Each structure stands twice: as structure tokens, then as C-alpha cells.
1. In Å and from the alpha-carbon atoms only, list the Rg and Dmax of region A:7-81.
2. Which of B:A163, B:S14, A:I176 sits closest to the plus end of the dipole of the protein assembly as shown, meaning its Cα is farthest towards the positive end, when Lys and Arg get +1 and Asp and Glu get -1 on the C-beta?
3. Considering only chain B, pick the residue with its Cβ nearest the axis of the rotation onto chain A, and state the distance in whole Å.
4. Would you kindly derive the ³J(HN,Hα) couplings of region A:76-84 from the backbone phi angles with the Karplus curve 6.51 cos²θ - 1.76 cosθ + 1.60 (θ = phi - 60°), listing them in order in whole Hz, with x for Gly and Pro?
5. Give me A:R118, B:R21, A:R49 ranked fewest to most by other Cβ atoms within 10 Å of their Cβ, as a rough exposure proxy.
6. What are the label-to-label distances in nm, one decimal and shortest first, from B:D143 to the same spot in the other copies, with labels 7 Å along Cα to Cβ?
7. What is the calculated FRET efficiency for A:A196 to B:A198, with r their C-beta to C-beta distance and R₀ = 56 Å, to the nearest 0.05?
8. Suppose we take every Cα in the protein assembly as shown and form the convex hull; what volume per residue is that in Å³?
There are 2 protein chains.
Amino acid sequence: MFSKAIKLYHATGSPNSRRVRIFLAEKAQNVTLVPIDLGQGEQHSVAYRAINPRRVVPTLVLTNGVAIGEVPAIFRYCEAAYPAPPLLGTGPVGEALVVMWERRVELEGFAAVMEGVRNAAARLKGRAIAGAHDYEQIPALADRSRRRVANFYADFDQRLTQASFVADDAFSAADITMLVTVDFATRAFDMPIPPACAALRRWYDTVAARPSTTA
Amino acid sequence: MFSKAIKLYHATGSPNSRRVRIFLAEKAQNVTLVPIDLGQGEQHSVAYRAINPRRVVPTLVLTNGVAIGEVPAIFRYCEAAYPAPPLLGTGPVGEALVVMWERRVELEGFAAVMEGVRNAAARLKGRAIAGAHDYEQIPALADRSRRRVANFYADFDQRLTQASFVADDAFSAADITMLVTVDFATRAFDMPIPPACAALRRWYDTVAARPSTTA
């Protein structure tokens, strides 16, 4: 079992943090949650930058002090350390297909919502890209993001007419990222799943009912 | 050994294809290379879209017809199927750190160059994002990309004062993505490694000398 001595630096409202919290809940693992106050800029503190030079949450810090940033990297550590239940696929092909689909969801959906938010929110003026460097917002990206999300919904509705879950016929990390993306788009863009996307809606109702999703 | 019956759909000038070609060369694996003519738009053909709905190269197609797209997914398949030599780290922590560093190189370096190219090249007008949907170019992104690459060089020069290789003290997939990014930025932006980045230059000269890099 995970030691409570393992720490997950996270923020309650951070969609990337939620991806990891759900993943850990599916593994029935408990770690110590350490909140980082993004509103107060705590991610830019000297203390947090020593843990994560990209200044983003979440970061998993092991008992020996090793700090693992980036959601897919935290997923990979937890899957290797705690294989059951598998969330990153089984066998060479199964593993590859989960990586493929989880990444497509992230690139085409999750990243589009994030880019739209970062290029529009007043509190993120001058901070259009997370990390150590400042970049001005580009308003055209906010408009483009909404069109990307609409296409994402249509494309993955089509996908879910062919498969029970995003990557396969078993629940995986790709479903976690998809669920978080839908909720993020709903909250940030007021873009819930469109009524026409019946397969996506069926999938959502199944996945959102899992107890892990409240983590 | 890989069968020649396994196919890698690729393009010679595609940096993402090169990442996979180098990875396979490090594993001493031979697959059948199938060229896709990006200049002629072959990635949009009905035949290729059936293999990769995102219409991007590379795609690895196994003997049973399973198609694996997305570079990290192809890496994952090859690592699981052919573990030696390890290129994605060993042990839970080692694996996670390679995923983390390879991703940071991709997000902060590789993706910045790609975004700059796609938002500036005349041949990509209306095609600023790879995939099934058309998006207009945003010229401000081309300018921003160059600033991002300059920051990327400085940040990873600093990293390479602390480690022999990008992820660790062993060569890994993170070094492959880094090498391809440097060469891509040099070619596409005329931005070679700056003279001040001595650690990055030392790293580059070591890695570029590996026979795999001509793949």
C-alpha cells in the first residue's frame, strides 16, 4: 500500500490534479494531499519550484524525495508500483493503445480547453503558458479552443459508437482524462456534451457513476 | 526480432517519424518502412485515414492489423515487446522520470517548433493543427514559438549541467526527442544551439554521434 508519507502536491480545482486523484482512487491508494494555492501564486514559490521547475500541479513526491511531475509520468509510476487494477492497459498492444487514446484525448480535448482558459482569463494575463516564462495571451486562441472542443465531442462520440470505453472495452486512464475533460469544458466553457452525442453521453453516465470520480 | 511484416508508415522529413526511426535503430529492430507523401497530401487519403484517423505520421501497423499512432504509444509498444536495451527507464521511478522528461522536452521544445512551423508555412495555410479539422494560421504563434525555443535551450542547458543525459545518467527516449527537437529547430527556425549553452552542446555532440541518429 502507498504510505501516507508519499505526498501529492495538488489543487482542488486543478483538472490535472483531478486526473491523478481519480487514478489513485481507482487503485485504492491513499497519499497525503498537500494543497498548493494557485490563486495566491504558491506554485511560483521558491519551495515549490524546487519540487517542480515547471511550476505546475500535480507533483508526486516519494518518501526518498524523488519528485515526479507530469500527469502521464505520475500515472506510469503508480501503475508500475501498484499494478492492480490495470489502468494503463495490459500486454504490449494494450499498453500502447491506452497511451495512444489517452494522448489523443489530451491533445485534442483537454489541451484545447486549457489553452482557451489560459488565453482568456483575466487572472492569467501575461501567463498564457504554464511554466517558468511569461507569454502574453492571444485572444484568437480562446475562440479557436471552443471550435476544437466541438470537434472533439463529435469525434469521440463517433469513437464511442465503436468501443465501450475510450481505449478499449475496459476502463482505463483514457477514460479518466476524458471525464475530466468533459467536466472541464462544461465548467470553463459552458460546453456540456451536446444532445446529439448519444454515445458519448452513454459513456459519460457510466463513468461518472464510479466512486473514484469524486476524489 | 521484429518481423519485416510490421510496417512503419512514415515520412523521411517528418521529425515525429524520425523519433521512432531512431528508437527502433537503438533496439536494432528492422521494420518495413512505408513512405507517406505529405507534400501530396497522402495522409488525407481514405486508405491512410483508415490506419490513422488523426492523419499524421508515424503509425506502426502490426502483423494482425492493429495500428498504433502517437510517438509515445509506439515507443511503449516497442519497449514492452523488445525490452533491450531499455529506452523508457527501468523500475517504477526510472520509468516515470523518462516519461516526465521526454514529455517536458516535447511540450516545451518539440511542440513549440511544430506550432511555429504550422502557423507560418504557406503550404499549411488553413491547416494550423494536424488532424481531421481545418484551423486558420495565427501568425502571433510563429513569433511566440521562437521565444519559446530560446527559453527551452536555456532551461535544458541548465538541466544538462546536472545530468549526463536528459532524464538520467543513461541514454533514453528523452534524449531522442531532444536531439530531434534541436535538429528541427535548427532546420525550421535557423536556431541552432546558442554558443552560451555549453552543457547542451556537450550533450548534443555525444548523442548525435550515435549510429542510430542517421535512421
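1. Values for region A:7-81 (Cα only, Rg and Dmax): 11.5, 34 Å.
2. The residue sitting most towards the positive pole is B:S14.
3. Chain B residue with minimal Cβ-axis distance: B:I138, 3.
4. Couplings: 5, 4, 5, 5, 6, 6, 9, x, 10 Hz.
5. Numbers: A:R118 19, B:R21 23, A:R49 13.
Ordered from fewest to most neighbouring Cβ atoms within 10 Å, A:R118, B:R21, A:R49 come out as A:R49, A:R118, B:R21.
6. Its label point is 1.8 nm from the equivalent points in the other copies.
7. On the way: r = 57 Å, r/R0 = 1.02.
It comes to 0.50.
8. Values: hull volume 58.8 nm³, N = 430.
Cα-based convex hull of the protein assembly as shown, divided per residue, equals 137 Å³.
Values quoted throughout were computed directly from the atomic coordinates according to the rules given, and no laboratory measurement underlies them. This is a predicted model, so every value here is computed, not measured. Positions of Cβ are backbone-derived with ideal geometry, glycine not excepted, and every protein chain shown enters the neighbour counts.
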